[in-house]
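I have placed the structure first, in the form of structure tokens, so that the comments after it can refer back to it.
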Amino acid sequence: MKQVTIYKVMLPNFQNQHVYLKDGNKLDYLGQIICQLEPTIRLPEKVRFPSEIGKLVYPFVSPCRGALIDTCVTVQILMLDRKRFDIEQKLNEILNPHNIQVILKDRPVSLEYSDED
């Protein structure tokens, strides 16, 4: 099972009307997941859907009739942006069938303060 860590400090302000996979130094849930599962993919700025990247990203993008389309998994995750409940549990419910486990953390280790100083 692949493990993905979502860092809360990197999430955008979901109160904004337009939320993107990547906006500046902020990445939404799906943006962080894609960056960790597919490190060779560079997310362009202001992209709303994984299919707009133009690459096949399992399980979020699927080929169909010569085009790349977003899957139901993508839509389920994007709908979590405005919900208030246990996001970690919901993401795991959506992604566990695809052998992906999600862990939520406040911040990456490099941003945490050390008590040893």
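The values are calculated or read from the model by the stated rules, or taken from the named source; none is laboratory data. Fair warning: this is a prediction, and the values are worked out from it, not measured in the lab. Because the Cβ atoms are built from the backbone with ideal geometry, glycine has one as well, and the counts that use them run over all protein chains shown.
Checking each residue in the range 16-37 for being without any contact (Cβ under 8 Å) to a residue 24 or more places away in the chain and in contact with a helix residue (DSSP H, G or I) (Cβ under 9 Å, 6 or more places away or on another chain) picks out 23, 25, 26, 27, 31. Going by what's in this entry, would residue 31 be described as among the small types (Gly, Ala, Ser), under 22 Å from residue 96 (Cβ atoms) and modelled with pLDDT of 90 or more? The answer is yes for residue 31.
Within the range 19-53, the set of residues being crowded, with 19+ Cβ neighbours inside 10 Å and small (Gly, Ala, Ser) comprises 31, 51. Within the range 51-91, how many residues turn out to be out of contact with any Leu (no Cβ under 8 Å at 6 or more places or on another chain) and touching a residue at least 60 places away in the same chain (Cβ under 8 Å)? Within the range 51-91, residues that are out of contact with any Leu (no Cβ under 8 Å at 6 or more places or on another chain) and touching a residue at least 60 places away in the same chain (Cβ under 8 Å) number 2.
Taken together, the residues in the range 76-94 that are under 14 Å from the mean Cα position of the chain (by Cα) and surrounded by 12 or more Cβ atoms within 10 Å (Cβ to Cβ) amount to 11. Filtered by the rule that a residue be at pLDDT 95 or above and either of a type in the set (D, E, K, R) or within 11 Å of the chain's Cα centre (by Cα) (or both), the range 53-64 gives a lone residue, 60.
Just one of the listed residues (104, 95, 78) is closer than 21 Å to residue 20 by Cβ, part of a helix (DSSP H, G or I), of a type outside the set (Asp, Glu) and at pLDDT below 95, namely 78.
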